[in-house]
1. Give LEU314, LEU347, LEU353 a once-over and let me know the one that is over 14 Å from LEU6 (Cα atoms) and either surrounded by 19 or more Cβ atoms within 10 Å (Cβ to Cβ) or among the polar types (S, T, N, Q) (or both).
2. List the pairs whose first member sits in the stretch 230-246 and is under 19 Å from LEU169 (Cα atoms), whose second member is part of a helix (DSSP H, G or I), and whose Cβ atoms are under 7 Å apart, counting only residues at least 6 apart or on separate chains?
3. State which residue pairs qualify: first residue β-branched (Val, Ile, Thr) and inside the stretch 56-78, second residue surrounded by 12 or more Cβ atoms within 10 Å (Cβ to Cβ) and part of a helix (DSSP H, G or I) in any location, beta carbons under 8 Å apart, and separation of 6 or more residues or different chains.
4. From the list LYS61, LYS54, exactly one residue is loosely packed, with under 15 Cβ neighbours inside 10 Å, more than 24 Å from the chain's Cα centre (by Cα), farther than 23 Å from ILE323 by Cβ and at pLDDT 95 or above. Which is it?
5. Yes or no: SER108 modelled with pLDDT under 95, farther than 24 Å from MET241 by Cβ and buried (at least 17 other Cβ atoms within 10 Å of the Cβ)?
6. Filter the stretch 135-162 for residues that are in contact with an Asp or Glu (Cβ under 7 Å, 6 or more places away or on another chain) and either surrounded by fewer than 16 Cβ atoms within 10 Å (Cβ to Cβ) or over 23 Å from PHE40 (Cβ atoms) (or both) and give the result.
7. Looking at LYS28, LYS17, which one is at pLDDT 95 or above, touching a strand residue (DSSP E or B) at 6+ places or on another chain (Cβ under 8 Å) and within 29 Å of VAL297 (Cα to Cα)?
8. Limited to the stretch 79-97, what total is found for residues that are without any contact (Cβ under 8 Å) to a residue 40 or more places away in the chain and over 18 Å from GLU5 (Cα atoms)?
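The values are calculated or read from the model by the stated rules, or taken from the named source; none is laboratory data. Keep in mind it's a predicted model, so treat the numbers as computed, not measured. Backbone-built Cβ (ideal geometry, glycine too); neighbour counts: all protein chains shown.
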Amino acid sequence: MAFEELFIPENNWFFQKGNKEEVVVSSKIRLARNLNEKKFPNHASANEQLEIIKIITDTLKLCPEFEKLNLISLQDISSLDRQFLTEHQLISAEHAGSLGNRAVGFQSQEGISFLINEEDHLRLQIFDTGLNLKKAFNRLLRIQNELESKVVFAKDARWGYLTACPTNLGLGMKASILVHLPALVYTNRISQVLQSIAQVGLLIHGLQGETTQIAGSFFQISNQSSLGKRASEILALVDRMAHQLVDVELQTQQTLLKQEGIKIQDRICRAFGMLKNAKMLSMEEALDGISALRFGVSQKILNGLDLPKINTLLILMQSAHLIKKQNREMSEDELSIQRADLVRSYLKEVEVL
């Protein structure tokens with residue numbers, strides 16, 4: 001698989017338009033599964049890990065829809081390549097950094113990836129743009145059922161699917177949404193909102209999941225556990241929270257524009273001007289600026305830019321993507337220069353309305 005293919009927006013799931021996309025950037029459903037009578041990856045020997053990889057990859061190859069699946073052995077690629085796959089959300093940071101024999105299979109355009117020998121033998125995850133949890137779950141369920149017709153997953157009559165981490169017992173399912181809440185952050189209401197989210201048993205993380213910090217008004221929200229719960233309950237809880245966040249964020253945006261219209265437009269225009277003219281951009285500066293751009297696009301303050309293009313920028317402006325695009329190692333200053341060049345290239349035709 002040529003990594004260069006992933007630089008083409010049309011080859012990736014995040015370039016599509018989505019439901020409620022002005023607030024919900026993406027939806028993800030993940031299932032954790034382990035092969036019956038096999039040790040968990042962290043307790044398996046090197047040979048046992050290789051056997052697990054072979055069983056799972058051979059099973060995937062039997063599925064007609066995965067004929068073009070990209071299969072990569074993570075120990076055979078560089079740390080830069082692993083960081084690149086993490087930035088592309090095809091593997092987790094834990095998967096990229098863990099030791100031992102591990103692999104990933106993915107079809108980026110369809111938003112599907114199979115993490116092999118991460119914490120569990122198999123982490124199957126499906127992405128979709130906007131708020132599309134049910135659609136993503138139905139696709140994932142069909143794939144899971146097809147795999148389960150070919151291999152036996154570890155399961156207990158009382159505890160459900162067995163997983164390395166107790167929080168994943170039961171369904172082994174995590175439903176999550178990535179949301180953008182700039183108005184709630186701007187009005188200092190975000191702490192109260194996040195507290196309400198936590199009180200109903202949901203978790204809040206950063207842009208790339210469980211080990212990342214919150215930045216640029218982007219928040220990832222997911223269920224905490226799946227033991228004793230039905231899939232429909234988990235989906236309903238996260239979906240209901242998503243709709244509530246969409247409503248309160250958009251209402252807050254409208255109120256802000258009525259009460260502080262000039263200030264908000266000035267804030268967006270200043271961010272746009274900075275991004276369009278900056279010669280150097282740190283990742284933090286770029287995220288803050290793009291957060292303002294999303295606000296401007298969703299409220300039709302900016303013309304010539306859409307949310308799929310902004311989603312693409314969120315991926316391509318990260319460090320490993322910039323390094324691989326230039327095909328050379330770069331210092332932080334050089335990365336900042338390349339990041340600014342990339343952002344400016346996306347804003348050439350954009351104008352303030």
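1. Working: LEU314 fails: over 14 Å from LEU6 (Cα atoms); LEU353 fails: either surrounded by 19 or more Cβ atoms within 10 Å (Cβ to Cβ) or among the polar types (S, T, N, Q) (or both).
When all the criteria are applied, what remains is LEU347.
2. Note: pairs meeting the criteria are ALA231/PHE137; LEU235/LEU133; LEU235/LYS134; LEU235/PHE137; VAL238/LEU133.
3. Within 8 Å, the pairs are THR59/LEU147; ILE72/LEU85.
4. Numbers: LYS61 fails: at pLDDT 95 or above.
It is LYS54.
5. Working: modelled with pLDDT under 95: yes; farther than 24 Å from MET241 by Cβ: yes; buried (at least 17 other Cβ atoms within 10 Å of the Cβ): yes.
The answer is yes for SER108.
6. Of everything in the stretch 135-162, those that are in contact with an Asp or Glu (Cβ under 7 Å, 6 or more places away or on another chain) and either surrounded by fewer than 16 Cβ atoms within 10 Å (Cβ to Cβ) or over 23 Å from PHE40 (Cβ atoms) (or both) turn out to be LYS135, ALA136.
7. LYS28
8. Filtering the stretch 79-97 down to residues without any contact (Cβ under 8 Å) to a residue 40 or more places away in the chain leaves 79, 82, 85, 90-91, 95-97.
With the extra rule that they be over 18 Å from GLU5 (Cα atoms), the set shrinks to 79, 95-97.
So the count comes out to 4.
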